[in-house]
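Following this message is one structure expressed as structure tokens.
The values are calculated or read from the model by the stated rules, or taken from the named source; none is laboratory data. Source: prediction; values computed, not measured. Cβ placement follows ideal geometry from the backbone for every residue including glycine, while neighbour counts extend to all protein chains displayed.
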Amino acid sequence: MGTVKRQDSFIQSIDNRRRSRARHFVLFIALPFLALPSRAHASMFHGETLDLVANAIAWFAFIIVPPVLIVAFLAVHIIPEKIAERRHHPQLGAIKCLCFLSLVFGGLLWPIAWLWAYSKPVFHKMAYGTDVDDSHEKPIGKESAIKELEQLRARAAELEAEIKQGKA
């Protein structure tokens, strides 16, 4: 059994040497082919097609990209404002102003507006008893105002009737 293992290991070592020599031989043959100069193609297009593609890319870069980047810049800068609106932040107006100033100053104030929008207004809660502000929600509709006016008129008529009955 010991001689069989020795023969197997001997065969494997011979096989490994052959593979190593074969790899070296392949590399020796492939290296000169890799070193040969070849034609470099800067583009897959040629002639008029190359000019047409270059013009299309230039028009895209000069006409389409700047407005898209400006819109993306503006959309990112109103994120703190939208967060403050959603959280009913009592200092929404100031956060909107800071977002606008951030646009003027190239985005330097934007992280402050972001943090402010996520902050809890502690002093507002101490002063008003709540840390949310509902005054910037949608105003009461015209129909509810008309209902309220009708209720007030009916109550005024009731009070006038009571006064007349009391005097009479």
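Quick check: anything in region 10-21 farther than 30 Å from residue 122 by Cα, modelled with pLDDT under 85, of a type in the set (Ser, Thr, Tyr) and in a loop (DSSP other than H, G, I, E, B)?
No; the residues of region 10-21 include none that is farther than 30 Å from residue 122 by Cα, modelled with pLDDT under 85, of a type in the set (Ser, Thr, Tyr) and in a loop (DSSP other than H, G, I, E, B).
Residues in region 94-101: is at least one in contact with a His (Cβ under 6 Å, 6 or more places away or on another chain), surrounded by 13 or more Cβ atoms within 10 Å (Cβ to Cβ) and at pLDDT 90 or above?
Yes, that holds for at least one residue.
Ok, one more. Which condition from (1) loosely packed, with under 10 Cβ neighbours inside 10 Å; (2) in contact (Cβ under 8 Å) with a residue 12 or more places away in the chain is the one that residue 104 breaks?
(2)
For region 80-100, which positions are more than 19 Å from residue 69 (Cα to Cα), free of Cβ contacts under 8 Å to residues at least 40 places away in the same chain and of a type in the set (A, V, I, L, M, F, W, C)?
Answer for region 80-100, where residues must be more than 19 Å from residue 69 (Cα to Cα), free of Cβ contacts under 8 Å to residues at least 40 places away in the same chain and of a type in the set (A, V, I, L, M, F, W, C): 83, 84, 94, 95, 97, 98.
When you look at residue 61, is it surrounded by 10 or more Cβ atoms within 10 Å (Cβ to Cβ), under 30 Å from residue 128 (Cα atoms) and either in contact with a helix residue (DSSP H, G or I) (Cβ under 6 Å, 6 or more places away or on another chain) or in the same structural domain as residue 128 (by TED's automatic domain parsing) (or both), yes or no?
Considered against the rule, which asks whether it is surrounded by 10 or more Cβ atoms within 10 Å (Cβ to Cβ), under 30 Å from residue 128 (Cα atoms) and either in contact with a helix residue (DSSP H, G or I) (Cβ under 6 Å, 6 or more places away or on another chain) or in the same structural domain as residue 128 (by TED's automatic domain parsing) (or both), residue 61 comes out as no.
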